[in-house]
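A quick write-up on the structure given underneath.
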Amino acid sequence: MASAGGGALSIMEYFGGENGNRCGYCKSDSGNLSHGMWAHSLTVQDYQDLIDRGWRRSGMYVYKPIMNETCCPQYTIRLSALNFQLNKSHKKVLKKMLKYLRVGEVSHSNSDELSGEPMDSQVPVSCNVSILDKPEIPEEDLKPLYTEHKETEKEQESGNRETVLSCSPGLCDRKTNCEEETTIHSTTKQGKGADMTKPPCRKAKAIRKERHLQKLQEQPDKPSLSENVPVNPTPKSKCNYTKSIEDFISVTPLENAAHSLEVRLVRSSPACSQFKASFQESYQVYKRYQTTIHQDPPDKPTISQFTRFLCNSPLEPETRPDGPPCGYGSFHQQYWLDGKIIAVGVIDILPYCVSSVYLYYDPDYAFISPGVYSALREIAFTRELQGKAADLRYYYMGFYIHSCPKMRYKGQYKPSELLCPESYSWVSIEKCFSLLEHSKYCRFNCNANEGDKDSLTELGRTRVLYKRTVMPYSVYKKRRKGPNDETTVKQYSGLVGQTCAERMLLYRS
């Protein structure tokens, strides 16, 4: 699929596999392993293809866990938004929000507080190089760009670094009211069994029916049991209609409602006027969230750190005739309660999905489960966009980490699929559970003969940006002076796939 972003190009600077970093899941000091690259610019189609190969961004940095080596394999997970099924826990959160908005009632409980975490809390950890020290590509290396050999180019057309190098997660993520699935082994005391001298236990429903029949018998003008009154009266037919997310969030607000909630979508990169106007207020919510929920020291969540992590994005904004009215790219969904921001969901809108990046919220409102509620709102938003952009039908929830029990809650959003780390095909998450119980790293595709359909086949066609000139690797290899870097280029090309290798530009200095 050709880029429709007005000639925008993806320019990537690949760093290769890094030394092990501290893992935020199992707390290993050096077990978190990943490949990484700095995205100077990135089209939405290229990023869509990258996340469908296991990549994910944190600010301008794009990383891919080394699945068969890292301590906690992180599997890309996506949800079919159109077929999403609300469970009881989700309905409880939606009803709780409705009740709070209408009458102002709140319910403070431990489960509510735990359910308010972000869907993806990929908080960067410090490494050897700070994102502030990441040098930009010299302007003269970017403009103007020349293309070597027109014939070769025609052939191609036919055919921070915040030293988040591991992008270790924070302490928590969005959680449902049930923090995780656990098996409870209860110890039952040895007993003598049922007491045969006492009548058997009866259900309250059966007792109510018996009382009802007794009343009918006691009333002379009513038919008796001998007159064919059914012992079990047929219950009234119930409507089979199941409420959707929209039934809960599209409710017309009452005139005398206790609170009002408004969800605003603002483009964060490039920043629109609404984003700029609310920047300070949004940052203060983020600072409170990090210091309270993640126990960061007060001087850590600075404005520059907030900007690098959640505001800066390599995604090039793009609009298409058959796309959503808001366009594609990076956005913030701001939750305004009674005129002030209480939560912000950071999302990317891509050709086939809405990708959840992060969520932060005012800790004072943890009782309304903002983590779960915002996830459900983002699913509903994906469904809304699909009505205007037919291909946009999935909600990407980041990574699923089965080896970390506290991270299994994402599997409760159904129907979901996991990305096979070898064939890059999607497999129903239910089919993956049994495999993951035996091994933390698994190939999900049961067809051993099915490999990567976009595997590297022609290294020479990888596009390279070298000395302000765009050229295929076959030409660059002849022109380059100095040590041979074929191993690095081949590794990069294999990880991004043949399609992206031919479409994106690999910067070489």
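Here, each number is a calculation from the coordinates, and none is a lab measurement. Bear in mind the structure is a predicted one, so any value in this text is a computation, not a measurement. Counting neighbours? That spans all protein chains shown, and the Cβs are built from the backbone with ideal geometry, glycine included.
Listed values, structure above:
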item: Residue order, fewest to most surrounding Cβ atoms within 10 angstrom, among Arg56, Arg267; result: Arg267, Arg56
item: Listed residue pairs exceeding 24 Å between alpha carbons, taken from Lys99/Lys287; Lys92/Lys388; Lys340/Lys388; Lys88/Lys388; Lys414/Lys440; result: Lys99/Lys287; Lys92/Lys388; Lys340/Lys388; Lys88/Lys388
item: Ranked Val106, Val263, criterion: other C-beta atoms within 10 Å, fewest first; result: Val106, Val263
item: In nm, spacing of pseudo-spin labels at Glu246 and Thr292 (7 Å Cα→C-beta vector); result: 3.4
item: Exposure proxy order (Cβ contacts within 10 Å, fewest to most) of Met407, Met504; result: Met407, Met504
item: Residues with amide H under 5 Å from that of Val470, placed H, sequence gap 5 or more; result: Tyr146, Thr147, Glu148
item: Segment 338-407 - share of DSSP beta bridges that are antiparallel (%, nearest 5); result: 75
item: Gly398 long-range amide H proximity, modeled H, under 5 Å; result: Ile77, Ser356
item: Extended-chain gain in nm, criterion 0.36 nm per residue less alpha-carbon gap, His438 and Glu422; result: 4.0 nm
item: Amide H contacts under 5 Å for Leu359, placed H, 5+ residues apart; result: Met119, Asp120, Val346
item: Residue-by-residue Karplus 3J(HN,Hα) for segment 311-316, coefficients 6.51, -1.76, 1.60, Hz, glycine and proline x; result: 10, 5, 8, x, 5, 7
